[in-house]
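The values are calculated or read from the model by the stated rules, or taken from the named source; none is laboratory data. What you see is a predicted model, and the numbers here were worked out from it, not measured in a lab. FYI the Cβ positions are ideal-geometry reconstructions off the backbone, even for glycines, and counts take in every protein chain you see. Quick note on the areas: whole protein, heavy atoms, side chains included, nothing else; ligands and nucleic acids left out. Shrake-Rupley method; radii C 1.70, N 1.55, O 1.52, S 1.80 Å.
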Amino acid sequence: MNSNPSVDPRQFHHDAVLVDLHAHPGIKAVLFNRDLARRFGISRPAFWPYEMRTNFDRLRAGGVDVMLSAAIVPEQPLLEDMPALRLLRYTRADAWRQLVDPTYFQATLTVLDALEMQVAASQRNLGPQQRRIVLARSIAELEAALQLGPAGPIALVHAVEGGHSLEGPLCRQGLPDAQVQQELLDNLQVLFQRGVACLTLAHFFPNRITSSVFPYPETVMALARWRQAVARYDLSRGLTPLGEAVVERMLELGMLIDLTHSTPLARDRVYQIVDSHRRRSAVLATHVGVFAHKPHPYSLSDWEIRWLADRGGVAGVIFMNYWLSAANSRLGLDLIANTLRYLIETAGTDAVAAIGSDFDGFTDPPDDLVDASEMPRLTRHLMGWMKEQGQPLFAAETLRKILGGNALRLLREGWRRK
């Protein structure tokens, strides 16, 4: 029940700026040849890899104003751990040639290209009173979209998930780090100039710049060669010397550093490097939970939450129950709200909490929030939460920060492509 009947949740959601820090429409466009402007039926409330949860209509219906569209490309060890995926060579031959045969860097550019082409095509087939979809390649372009208000365009911002995406021909040849460092730094520069605002250092597997945490929920382990998969991970490893060079260059450029999927040791080293430069608004975790609710190295510990809050960073709460609670539940709105509350109470400020759905990232969303069109449910749910003394847990200004204010502040302060 809404704690303040005078405030209409639908109007509040419409007026607030909503930012999703992490979703993946681009990979679905390439892998399954999805038309992001095409209308889809009702979303499946379960893991279904062919689903499109952030196509353009669903972004419009959900009142999403800004979304960081994270390009991911398959890592070779994934094909080793899950041999069934090799069938894609035959069932999706075009996608295989675009995503698996090239270098990671070239495949990443392909995913970025695909999103840009679909955004451009959407302008030609715009329906009456439909919000335009635009690509914001700089903070100036993002501000121009936001200035037009709730009826203005929805701004997509490029992001890239996984440091392996920087690897080009020299890395594929297996050359030592000292001989490939310039290739990675040059490719990082290319991505920044393309308008990539954020790089997630790790993804599913260890790469040249950082180690990663074990990524598979138990629900998919039956599909994997799990003993082989487990053997790849070592929590005693962190950021590599090459990774330190990449982080230093990201700080120099003004590209946001995403620590999601990195080991705790890797995250700790990034914190040290950022502190040595006395930088603020440079680091975030785009799609995570908290260790207190889900004891796993993937989750943020209390001191990390406070570090982010003190340094102008944010933590986007993932819309996947497995990473939000140790309990087995299909409903997730309470888990998302609990995690947001924990971030705020632990940090002592409401400036750290944000949302990062991970929609279209081959995740299993909660049954009560299955795609971007249902984002108003989150706003309504948060407005209805009550403290024991009968006061709203999330006051109006705090809720505006959670929905998008904190994420926008970080982009404005930390993304330095003008």
Test: residue 26 is open to solvent by less than 50 Å² (accessible area, probe 1.4 Å) and at positive phi: no
Residue identified as surrounded by 22 or more Cβ atoms within 10 Å (Cβ to Cβ) and more than 26 Å from residue 72 (Cα to Cα) among 411, 378, 393, 333: 378
Residue tally, condition of a type outside the set (S, T, N, Q) and either open to solvent by 10 Å² or more (accessible area, probe 1.4 Å) or modelled with pLDDT under 95 (or both), over segment 186-219: 15
Selection status of residue 269, open to solvent by 20 Å² or more (accessible area, probe 1.4 Å), farther than 17 Å from residue 406 by Cβ, out of contact with any Gly (no Cβ under 8 Å at 6 or more places or on another chain) and not in a strand (DSSP E or B): no
Residue within segment 166-182 that is of a type in the set (A, V, I, L, M), at pLDDT 90 or above, within 22 Å of residue 412 (Cβ to Cβ) and surrounded by 13 or more Cβ atoms within 10 Å (Cβ to Cβ) present: no
Residue match in segment 348-364 (condition: part of a helix (DSSP H, G or I) and either at pLDDT 95 or above or touching a Cys at 6+ places or on another chain (Cβ under 6 Å) (or both)): no
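Report the residue count in segment 233-243 for those that are outside any strand (DSSP E or B) and open to solvent by less than 60 Å² (accessible area, probe 1.4 Å).
So the first thing to find is which residues in segment 233-243 are outside any strand (DSSP E or B), and the list is 233-238, 240-243.
From what is left, the residues that are open to solvent by less than 60 Å² (accessible area, probe 1.4 Å) are 233, 238, 240, 242-243.
Qualifying residue count for the region: 5.
For segment 122-142, does any single residue satisfy the condition of being in contact with a Pro (Cβ under 8 Å, 6 or more places away or on another chain), modelled with pLDDT of 90 or more and among the polar types (S, T, N, Q)?
Scanning segment 122-142 turns up no residue that is in contact with a Pro (Cβ under 8 Å, 6 or more places away or on another chain), modelled with pLDDT of 90 or more and among the polar types (S, T, N, Q).
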Given (1) surrounded by fewer than 19 Cβ atoms within 10 Å (Cβ to Cβ); (2) more than 18 Å from the chain's Cα centre (by Cα); (3) under 18 Å from residue 53 (Cα atoms), index of the condition residue 292 fails: (3)
